[in-house]
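Colleague: If you scroll down you'll find the structure; I have some questions about it.
Taken together, the values in this text are just the output of simple stated rules run on the coordinates, not laboratory data. Treat the numbers as computed from the prediction; the structure is a model and nothing was measured.
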Amino acid sequence: MAKKIVAIDGSYRRGGTIAQAVDAAAGAAREGGADVRVFRLAEKNVLFCDNCRACMQTPGAKRGRCPLLDDMNEIMDAVDAADGLILAAPVNCFNVNALTRRFMERLAPYAYWPWGAMAPVMRLKAGAKKAVLISSSAMPAPFGRLLTGAMRALKLVAEALGARVAGTLFIGTASMEEKARLTDRERRLAGGLGRKLLD
């Protein structure tokens, strides 16, 4: 049976650096026989979390029910059924962009936090599936990894979704051209991440 891979592309730009890297990783997974589904957050209706915490009140490993009616249930159903995840977002203002941050906040159903408790408990234990993380920045890659919170944010997303990180790619100096193209090396590295999800 083919492995199911879900990619979350948090980029604003179709065809931009992040989108190209996601396509390379997803393409490599498809070539390896996986069933791959890509969600581009910019093209989905994802409402802002209003912090009602209704989704956090019922105990158990199953994600809570969010009362907001948008595309998040479709995305989360696909994520829950997936064997592996590609999580990708660009850096804006030293962390993942607002589009991805909005998605992150809507992962509240994966936590149990009844009223009166001091802190939430995550419903899923990391390790049930694999995730690979992709980010990009105007900074050179080593500085982007060190000086931004992007990889930490994407790792938190992976952990909330019950995944362990199997690999990362940080693409630096991504703002040198209006229509940037991945280098052969970057495309090869992104493809390698896609193949890691099949191991």
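Colleague: Could you tell me whether the stretch 1-118 comes out rounded, prolate or oblate from its Cα gyration tensor? Rule is a ≥ b ≥ c as square roots of the eigenvalues, rounded for a/c under 1.5, then prolate if a/b exceeds b/c, otherwise oblate.
Modeller: Since a/c reaches 1.5 but b/c is at least a/b, the shape of the stretch 1-118 is classed as oblate.
Colleague: Of the residues Met72, Met176, Met139, which exhibits the maximal mean-square fluctuation in a Gaussian network model of the chain defined by a 10 Å Cα contact cut-off?
Modeller: Taking springs between Cα atoms under 10 Å, the residue moving most is Met176.
Colleague: Sticking with this one: Tell me which residues come under 5 Å, amide H to amide H, from Ala88 once H is placed; ignore anything under 5 positions away on its chain.
Modeller: Residues meeting the amide H criterion: Ile8, Gly10, Ile134.
Colleague: With both bridge residues required to lie in the chain, what share of the DSSP beta bridges run antiparallel, to the nearest 5%?
Modeller: Here the antiparallel bridges make up roughly 15 percent for the chain.
Colleague: Could you check which residue among Cys55, Cys93, Cys66 shows the biggest mean-square fluctuation in a GNM of the chain with a 10 Å Cα cutoff?
Modeller: The residue with the greatest mean-square fluctuation here is Cys93.
Colleague: Additional query: GNM, the chain, Cα, under 10 Å: largest mean-square fluctuation among Asn97, Asn51, Asn73?
Modeller: Asn51
Colleague: Quick check: the distance between the Cα centres of the stretch 1-22 and the stretch 160-199, to the nearest angstrom?
Modeller: Here the answer is 10 Å between Cα centres.
Colleague: Now for a separate question. How big is the Rg/Rh ratio for the chain, C-alpha atoms only, Rh by Kirkwood, two decimals?
Modeller: Rg/Rh for the chain comes to 0.97.
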